[in-house]
1. For residues that are part of a loop (DSSP other than H, G, I, E, B) and among the aliphatic types (A, V, I, L, M), tally how many sit in the stretch 222-254.
2. Quickly run through the stretch 398-423 and pick out the residues that are closer than 30 Å to TRP131 by Cβ and either touching a Leu at 6+ places or on another chain (Cβ under 7 Å) or in a strand (DSSP E or B) (or both).
3. Residues in the stretch 258-265: is at least one at pLDDT below 90 and either over 26 Å from LEU203 (Cα atoms) or of a type in the set (Asp, Glu) (or both)?
4. Give the residue that is nearest to the chain's Cα centre (by Cα), with candidates limited to residues of the stretch 39-93 that are acidic (Asp, Glu) and over 26 Å from GLN152 (Cβ atoms).
5. Just one of VAL105, VAL75, VAL119 is closer than 18 Å to ARG458 by Cα, among the aliphatic types (A, V, I, L, M) and part of a strand (DSSP E or B); which is it?
6. Please go through the stretch 145-197 and give me each residue that is in contact with a helix residue (DSSP H, G or I) (Cβ under 7 Å, 6 or more places away or on another chain) and under 26 Å from ASP262 (Cβ atoms), ordered by number.
7. Which of (1) surrounded by fewer than 16 Cβ atoms within 10 Å (Cβ to Cβ); (2) within 30 Å of GLY90 (Cα to Cα) is the odd one out, the single condition LEU163 does not satisfy?
8. Go through the stretch 259-284 and report how many residues are surrounded by fewer than 15 Cβ atoms within 10 Å (Cβ to Cβ), β-branched (Val, Ile, Thr) and in a strand (DSSP E or B).
Amino acid sequence: MKKFLLVLACAAIATGARAEGYQVNNMSAKQTGMGHVGTAMKLDSESIYFNPAATAFQKSRFNISAGFTGILSDVTFRSLPTLENGYQSGPAERSDNKLSTPLHVYFNYKPTERLALGVGFYTPDGSSMKWNDNWSGAHLIQEINLAAYTVQPTVSYKICDRLSIGVGLMVTWGNFNLSRAMLPVGAGNQTLIGGFNLINASLPALGAQGGLSAEQIAQYQAMAQAGATYFTDNLQHQSIVSARLEGNAHVAVGVNAGILWDITDQWSLAMSYRSRMNMKVDKGTARLNYASTEAQSYLTFLNTMLQMGGQDAAIPGLDQGTFHTQLPLPTTVTWGVSFRPTPKWEFAVDLQWVGWSAYKELNVAFNEQELGIDDIYSVKNYSNTLAFRFGGQYRASDLLTARMGMYVDESPVSSDYLNPETPSMTKVAYTAGLSLRLTRFMSIDLAYCYVSSADPERTGSYPIYSYPDRKFEGVFSGNYRLHAHVFSVGVGFSF
């Protein structure tokens, strides 16, 4: 049964990655409306995130921007037609995701014409995925909630009137919680029933070896029979026991640097670089949740009997230990160009490269050696990706600015490693937004973004390997569909 520990522990940390499925781009309500472009634009304090070099082009002495985003995603899964299901696709199973709310706050100060100092707080990673506790993939994921936080002090300097550089120190930490079934719904139940029947049949010989009396053997046999009957009659289509894993990552430090060149009054070129960071968890913890108190009692008995016979426990004692692991947050490099044909119009294009090839594997180890749990190894084999973003804005008046945009974000996950924990797809999104400058010093920003897959659906599978010998045992396959609605609200002050 230890093979179920493999998928449990690996998933606990894997979601900390800035995978396409969990990477948050909504660091500005203005730029959400423009398709998340901004590397080659002069965004005042919001450039702290998009390109630190651009903060030196701020015209006011002080600039403050704050906002939040609501992300509501929906994923649908159908199992593939097989001989076992009569070559019919399985029923649609839909996620019931919570609303994710990434935040951002930026402050930028220009003490001189060429120098800018600022600080930003934002949530570059944060999402949630919730499936029904008893759905067909419950042994892979039931629910996950992830949040990462970054504080970034920043400095920017104009080398000359048209060229600036900037750098920020990214100080990042995070936390997560994840729930998943220890056994597949249905098939796992049959496995446990088989375990009770095995104990029932082997108790006479086991009792003779262990010096049990005839009365004790009869008592244990009755308990084993009662356990098999209880699981047969009550829990055939339920998740019998789930593990909830929680962890806090240590602070990781990285660099966000950039350069901006105003070629002419109409054209600007820029590049930004965000360094790789390693997020480390030293003492992740777990607890086990049972379908009922009766199920817990019978499984405790089954574990005791199996261990008495020198076999592995049916349900590993995850709640008895703590684990450690680390995960890379990959390097990103973004090139941008902006074009201002008239004072009222501005267009921008960003091309971002993400070094996902750093995420090849995930190793998890338990701290308590006395538990005898082997290190866990999981292959990820992510690939480097590109994201293309395009947007434009029109300043209709001093009061109103309108924006539109779109982006394509390539998935780093190949189809033979696709799983419902991160149903990653190449995303296509369309955005719109506006700003209302109510006073000379204050503006309100609103934006909407619709996200969908580049294809109507994506078919993929996730390999399952035995633990600890890592032998291939099978795949979890199906078709996935997804879409998301994103709303952003922001407020800005300049003085």
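1. Just the residues of the stretch 222-254 that are part of a loop (DSSP other than H, G, I, E, B), to begin with: 235-240.
Then drop every residue that is not among the aliphatic types (A, V, I, L, M), which leaves 235, 240.
So the answer is 2.
2. Step one: of the stretch 398-423, the residues closer than 30 Å to TRP131 by Cβ are 406-423.
MET406, TYR407, VAL408, ASP409, GLU410, ASN419, PRO420, GLU421, THR422, PRO423, listed by residue number.
3. Quick first cut of the stretch 258-265, residues at pLDDT below 90 only: none.
Looking for residues that are at pLDDT below 90 and either over 26 Å from LEU203 (Cα atoms) or of a type in the set (Asp, Glu) (or both), one finds none in the stretch 258-265, hence no.
4. First pass over the stretch 39-93, keeping only residues acidic (Asp, Glu): 44, 46, 74, 84, 93.
From what's left, over 26 Å from GLN152 (Cβ atoms): 74, 84, 93.
Values: ASP74: 15, GLU84: 33, GLU93: 20 Å.
My answer is ASP74.
5. On the way: VAL105 fails: closer than 18 Å to ARG458 by Cα; VAL119 fails: closer than 18 Å to ARG458 by Cα.
Result of the check over VAL105, VAL75, VAL119: VAL75.
6. Selection gives GLN152, THR154, SER156, TYR157, LYS158, SER164, ILE165, GLY166, VAL167, GLY168.
7. The one condition LEU163 does not meet is (2).
8. So the answer is 0.
The values are calculated or read from the model by the stated rules, or taken from the named source; none is laboratory data. Keep in mind that this is a model prediction, so the values were computed, not measured. Here Cβ is always computed from backbone atoms with ideal geometry, including for glycine, and neighbour counts include all displayed protein chains.
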